[in-house]
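Working notes, beginning with the structure itself.
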Number of protein chains: 2
Amino acid sequence: MRVRTDLNISLDGCAAPDPSSGTPDNPLGEDWSRLVAPYVATRTFQSQVLGNQGTGTTGVNDRYAKEYFEGAGAEIMGAGKFGLHMFGEDPGWRGWWGDNPPFHHPVFVLTHTAPRPSIEMEGGTVFHFVSASPAEVLAMAVDAAADGTDVRIGGGPTMVREYLKAGLIDVLHLAVTPVILGQGENLWADLRNIDLEYTAFSESGEDGVSHVTFTRRRIAR
Amino acid sequence: MRVRTDLNISLDGCAAPDPSSGTPDNPLGEDWSRLVAPYVATRTFQSQVLGNQGTGTTGVNDRYAKEYFEGAGAEIMGAGKFGLHMFGEDPGWRGWWGDNPPFHHPVFVLTHTAPRPSIEMEGGTVFHFVSASPAEVLAMAVDAAADGTDVRIGGGPTMVREYLKAGLIDVLHLAVTPVILGQGENLWADLRNIDLEYTAFSESGEDGVSHVTFTRRRIAR
């Protein structure tokens, strides 16, 4: 079992768009579209998330996208990723992903403001809403994940940084898209020298994307 | 003729160390050592700059290092890279590189404060000290470079940013080292969306380094 996170970041470290860049027609904004374009173009994203079978790229970027969906047995995500920041007032909100979300395993949604009952979806996804420390929620997720599967730290970047600071992430995979956003949430804020705890491996993808994977050194601690 | 720049940057965009991180024993500081370690380890850097023949890595990082030294016919560098910020009061200062510097072509040093006569070194390097706009100095360098060679924008990052903002750089090669410095001079400050003017290509090197090369689109302008 490994604790793993995968993020798309810009070359200047932005992992989430500036909320002000969104419009009614494009709520996540043009910056988000540019940041995730190579990931969205993969065959895996097209089929797993958008339901478009048989289209999309099949190179290195797609291999990483596939690993993202295949290895996990449970996920922890922030309230914003689930949509509670926008739709938390609606008790019937069930996330962005339709009746059969692409997780197919338990998902723990962090929330300090909107406790709600768990939601069982089609296809194996169950959303649990929890308010606890990063380590406590991780323990719940490890317990819920099938043997031999990973726990995924799903983002957004604020909660990924909390888990990184707590030393709880084993594998950090970054798809570094060659765009310069200059605004939005910077993954690296307050993480000086975090790389010293990891070994880094780089692999180039299509469209100028660099995949950088940090794997935690197995030091005694 | 292309106008080219090569920089080592950290994954969080730092291209020059925080001056406060230096010590008398290590004037450029530990951050600088970490940032450039994969580049310093190359066979090309070891032989061309340090004079250590027959040692050093010979992979992708070395190939990029070799291109850095091979293609250029003239260089433009900032006052700091030449050492004027530290040694500008000394009229006998001739740079950091000994009697036979590794350039072997004209080098234009930007300075607004320390006009001085040109210095002819061994091996073909001539240092000229100029105070003019980026475009004017570029014209001098193009004129001085041998036919078919590139003009190199040598850094530091402040003057690279000036040339990028002026639209004067054709090829921007970044060796992105997988370290998080969290301080120092950020290359990307005030360069939002600069990538839209370029096509990006990524190639992975050793030690987790990603080489990202931006090549200017040949649009009419």
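The values are calculated or read from the model by the stated rules, or taken from the named source; none is laboratory data. Since the structure is predicted, the reported quantities are computational estimates derived from the model, not experimental observations. So basically every Cβ, Gly included, is an ideal-geometry build from the backbone, and we count neighbours across all protein chains shown.
Values as computed for the structure displayed
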read-out: Hits in segment B:129-173 (condition: of a type in the set (Ser, Thr, Tyr) and touching a residue at least 24 places away in the same chain (Cβ under 8 Å)); value: B:THR149, B:THR158, B:TYR163
read-out: Only listed residue being out of contact with any Pro (no Cβ under 6 Å at 6 or more places or on another chain), away from chain B (no Cβ under 14 Å), part of a loop (DSSP other than H, G, I, E, B) and not hydroxyl-bearing (Ser, Thr, Tyr), chosen from A:ASP6, A:ASP90; value: A:ASP90
read-out: Matching residues, segment B:181-200, being aromatic (Phe, Trp, Tyr) and in contact (Cβ under 8 Å) with a residue 60 or more places away in the chain; value: B:TRP188
read-out: Top-ranked residue of segment B:182-197 - restricted to ones that are over 17 Å from B:GLU162 (Cβ atoms) and either more than 19 Å from the chain's Cα centre (by Cα) or at pLDDT 95 or above (or both), ranked as surrounded by the most Cβ atoms within 10 Å (Cβ to Cβ); value: B:ASP195
read-out: Count of residues meeting criterion [part of a loop (DSSP other than H, G, I, E, B) and touching a residue at least 24 places away in the same chain (Cβ under 8 Å)] in segment B:28-54; value: 2
read-out: Which numbered condition A:GLU203 fails, given (1) in contact (Cβ under 8 Å) with a residue 60 or more places away in the chain; (2) crowded, with 23+ Cβ neighbours inside 10 Å; value: (2)
read-out: Among the residues listed as A:GLN48, A:GLN53, the single one being away from chain B (no Cβ under 14 Å), within 17 Å of A:GLY154 (Cβ to Cβ) and either modelled with pLDDT under 95 or under 18 Å from the mean Cα position of the chain (by Cα) (or both); value: A:GLN48
read-out: Some residue of segment B:42-57 being surrounded by fewer than 16 Cβ atoms within 10 Å (Cβ to Cβ) and either within 19 Å of B:GLY208 (Cα to Cα) or touching a Gly at 6+ places or on another chain (Cβ under 7 Å) (or both); value: no
read-out: Candidate set from segment B:93-124 (those that are assigned to a loop (DSSP other than H, G, I, E, B) and of a type in the set (Phe, Trp, Tyr)); member that is nearest to B:LEU174 (Cα to Cα); value: B:PHE103
read-out: Among residues of segment A:33-79, those that are closer than 24 Å to A:ILE180 by Cβ and among the aliphatic types (A, V, I, L, M), counted; value: 7
